[in-house]
Amino acid sequence: MSIVDPVMTSREAARMLGVSITTAQIWMESGMLASWKTPGGHRRTRRSSVMSLIGHQEVPAVGEEDGPEELEALGYPAGAEEGDRAAFVERIIERSAPDTRFDRLTWLASELLDAPISLITFLTSELQIFKSAHGLSLNETPRAWAFCNYTIAHEGVFAVSDTQTDMRFMNNPLVTSAPFFRFYAGVRLMYEGKAFGSLCVIDTEPRILRSHEQQALEELAMLASDILRLHILESR
């Protein structure tokens, strides 16, 4: 008996991936998610392609009642306060409109560290949202793909010199397909004692972060946290 592998629209794929339709369409156009165009110009994909992209596992939401066993099953580190942290980030996002000051910081991070990609990320229970993205056309990814899951649990700079040799990331869709992350370095961003996301730089080649680059990244991350604090105060 043949295995049924249904055709899916970009809307259906986005729902399964836990991202916006626009993000799903970008992934289809870039080849990250295998797809084809119909005679009418609409993108279609197969369910098997979507499942392959998310590693055959749906991205679960983290609730306030989740304990250590549930958090461990997520596939990334999450503390006992993760439910409160994620709810806090949701409130922050509602109160923070687009801000060109974040874009200046990601541009500066790329320039100072000679990295093609720099991001300011917010981590909700289900999504990694790019508040500012320099050198990357995506707006968000599933939370399970976020390198920043490790960054927010780490004091100082969290760096991965070569993702292809790191068991935590070698099978990540952002590593195995476009945009092919190979190097990552990030610093968590704090507000009212909670880590809401990160400032990070990314390269498509392996590298080692030098000490002055680490210091520059930490200083820029503190500026990003200060900007968010001012932004929220201004919006009140």
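For the pair Glu219 and Arg91, label points projected 7 Å from Cα toward Cβ lie 3.4 nm apart. For trypsin sites (Lys or Arg not before Pro), the sites in the range 138-194 that DSSP calls loop and that have at most 15 other Cβ atoms within 10 Å are Arg168.
Of the GluC sites (Glu not before Pro) in the range 95-188, the ones in a loop by DSSP (not H, G, I, E or B) with at most 14 other beta carbons within 10 Å are Glu155.
Taking amide H positions as modeled 1.01 Å from N, with prolines and chain starts lacking one, the residues under 5 Å from Gln128 and 5 or more places away or on another chain are Thr141, Arg143.
When Ile21, Ile227 are compared by accessible surface with a 1.4 Å probe, the order from highest to lowest is Ile21, Ile227.
Using only Cα atoms, what is the ratio of the radius of gyration of the range 147-236 to 2.2 N^0.38 Å? Walk me through the numbers before you get to the answer.
Values: Rg = 14.3 Å, N = 90, 2.2 N^0.38 = 12.2 Å.
The value comes to 1.18.
For the range 25-39, the residues whose amide N sits under 14 Å from a probe point set 7 Å from the Cα of Val7 along the beta carbon direction are 35-39.
In plain terms, the chain from Glu111 to Arg15 could stretch by 31.0 nm, reckoned as 0.36 nm per residue minus the Cα-Cα distance.
At a Förster radius of 30 Å, what calculated FRET efficiency corresponds to the Cβ-Cβ distance of Ser52 and His212, to the nearest 0.05?
Values: r = 40 Å, r/R0 = 1.35.
Efficiency at R0 = 30 Å is approximately 0.15.
What you get for the range 83-236, charging only the Cβ of Lys and Arg (+1) and of Asp and Glu (-1), is a dipole of about 260 debye around the Cα centre.
The values are calculated or read from the model by the stated rules, or taken from the named source; none is laboratory data. On a predicted model such as this, the values are computed, not experimentally measured, just so you know. Neighbour counts are summed over all protein chains in view; Cβ atoms, including those assigned to glycine, are modelled from backbone coordinates with ideal geometry. Ligands, DNA and RNA are stripped out before the accessible areas are found, and what is left, the full protein with its side chains, is counted by its heavy atoms. Shrake-Rupley method; radii C 1.70, N 1.55, O 1.52, S 1.80 Å.
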